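Structure first, commentary second.
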Amino acid sequence: MTEIWDGLRQAALLIVTLDPDLLQISARSLHVTLTATVIASAIGLPLGGWLAVYRFRARRSVIALLNALMGLPPVVVGLIVYLMLSRSGPFGVFGLLFTPTAMIIAQVVILTPLIASIAHQALRELWAEYHDLLISLNTSRRQRIRTLLWDARRALLTASLAGFGRGIGEVGAIMIVGGNIDQATRVLTTAIALETGKGNFALALGLGFVLIAIAIGVNLSIHYASKTEVSSRW
């Protein structure tokens with residue numbers, strides 16, 4: 001219990017004093033995760049809509065595979081991305097390994113199936129409701145998907161926030177492809193792992209509380225900005 005209170009004091013001290021390292025690490029964490037979430041949403045949300053609208057022979061298998069990919073072990077994703085970006089890999093010429101870009105790529109791979117699967121679940125129910133109307137209007141598949149995405153935008157926001165929540169707490173893949181390099185690729189999760197390994201539990205807890213505060217703050221900010229709560233209804 002004492003260590004938890006020490007962690008809270010450390011977190012408060014880091015925030016009140018505007019610790020430069022904390023600000024830099026927090027900014028990098030937000031940059032990596034927000035960028036990855038935006039890219040994964042740009043891929044996953046239309047993919048979820050496409051699977052809800054389009055009927056083809058292997059559709060059930062694709063949906064089952066997508067759901068299975070939600071449980072991808074992050075360390076395996078990190079290893080695969082590492083091999084792809086290493087000097088002997090096909091994309092090694094770009095020199096992306098141990099950079100924030102590599103961390104973003106790894107997170108996009110992890111988050112896209114999660115966002116797409118949640119989006120598909122929401123859009124499938126909406127498509128069942130809109131099916132007859134959109135068919136009667138002789139709309140194209142692209143128009144149907146665009147209509148579903150717009151009308152389900154609040155539910156899809158939840159899908160993106162679920163992706164952000166998973167991404168902000170990711171450590172395995174980030175550690176492998178980013179290397180936890182000080183002033184370069186260190187983020188809050190890898191800093192927590194480092195301080196825990198050093199036995200500095202108070203600082204690790206302090207960073208953990210800062211991470212939780214950032215995650216909650218971003219979620220509340222997005223909900224407020226998007227006016228998710230309307231007329232006292234959530």
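The values are calculated or read from the model by the stated rules, or taken from the named source; none is laboratory data. If you're wondering where the values come from, they're calculated on a predicted model, not measured in any experiment. As a convention, Cβ positions derive from the backbone with ideal geometry for all residues, glycine included, and neighbour counts pool all protein chains shown. Surface accessibility is based on the protein's heavy atoms, side chains included, excluding ligands, DNA and RNA. Shrake-Rupley method; radii C 1.70, N 1.55, O 1.52, S 1.80 Å.
Restricting to the range 124-169, name every residue that is hydroxyl-bearing (Ser, Thr, Tyr) and farther than 16 Å from Thr37 by Cα.
Hits for the range 124-169 are Tyr130, Ser136, Thr139, Ser140, Thr147.
Looking at (1) open to solvent by 10 Å² or more (accessible area, probe 1.4 Å); (2) under 15 Å from Ala42 (Cβ atoms), which one does Gln183 not meet, given that it meets all the others?
Against the list (1) open to solvent by 10 Å² or more (accessible area, probe 1.4 Å); (2) under 15 Å from Ala42 (Cβ atoms), Gln183 comes up short only on (2).
Within the range 186-219, how many residues are open to solvent by 20 Å² or more (accessible area, probe 1.4 Å), in contact with a helix residue (DSSP H, G or I) (Cβ under 8 Å, 6 or more places away or on another chain) and β-branched (Val, Ile, Thr)?
4
Give, as residue ranges, the helices (runs of 4 or more DSSP H) completely inside the range 65-180 that count at least 3 residues that are under 19 Å from the mean Cα position of the chain (by Cα) and closer than 30 Å to Ser26 by Cβ.
Qualifying helices (runs of 4 or more DSSP H): 74-85, 100-136, 153-168, 172-178.
List pairs: first residue in the range 9-37 and within 15 Å of Ile212 (Cβ to Cβ) and in a helix (DSSP H, G or I), second residue open to solvent by less than 70 Å² (accessible area, probe 1.4 Å) and among the hydroxyl-bearing types (Ser, Thr, Tyr) anywhere in the structure, Cβ distance under 6 angstrom, at least six positions apart or on different chains.
Every condition considered, no pair remains.
Just the residues that are closer than 18 Å to Ala42 by Cα and buried (at least 18 other Cβ atoms within 10 Å of the Cβ), please, taken from the range 123-148.
Correct list: Leu123, Arg144, Ile145, Thr147, Leu148.
Can you tell me which residues in the range 8-33 are of a type in the set (A, V, I, L, M, F, W, C), open to solvent by 70 Å² or more (accessible area, probe 1.4 Å) and under 18 Å from Ile168 (Cβ atoms)?
Ile15, Leu23
Pull out all pairs, ordered by first then second residue, where Cβ-Cβ is under 8 Å, the residues are six or more apart or on different chains, the first lies in the range 193-220 and is closer than 20 Å to Trp5 by Cβ and touching a residue at least 24 places away in the same chain (Cβ under 8 Å), and the second is open to solvent by 30 Å² or more (accessible area, probe 1.4 Å) and not in a helix (DSSP H, G or I).
Leu211/Gly169
Looking only at the range 175-191, decide whether some residue is of a type outside the set (A, V, I, L, M) and more than 23 Å from Ile110 (Cα to Cα).
Filtering the range 175-191 down to residues of a type outside the set (A, V, I, L, M) leaves 178-180, 182-183, 185-186, 189-190.
Filter again for more than 23 Å from Ile110 (Cα to Cα), leaving 182-183.
Scanning the range 175-191, I find at least one residue that is of a type outside the set (A, V, I, L, M) and more than 23 Å from Ile110 (Cα to Cα), so the answer is yes.
Which residues, counting only those in the range 159-174, are over 22 Å from Leu47 (Cβ atoms) and surrounded by fewer than 22 Cβ atoms within 10 Å (Cβ to Cβ)?
Gly169, Val171, Gly172
So if I check each of Ala102, Ala128, which one is closer than 22 Å to Leu157 by Cβ and among the small types (Gly, Ala, Ser)? Show your work before the answer.
Values: Ala102 fails: closer than 22 Å to Leu157 by Cβ.
Answer to the check: Ala128.
In the range 38-88, what residues are of a type in the set (S, T, N, Q) and open to solvent by 70 Å² or more (accessible area, probe 1.4 Å)?
Of everything in the range 38-88, those that are of a type in the set (S, T, N, Q) and open to solvent by 70 Å² or more (accessible area, probe 1.4 Å) turn out to be Ser61, Ser88.
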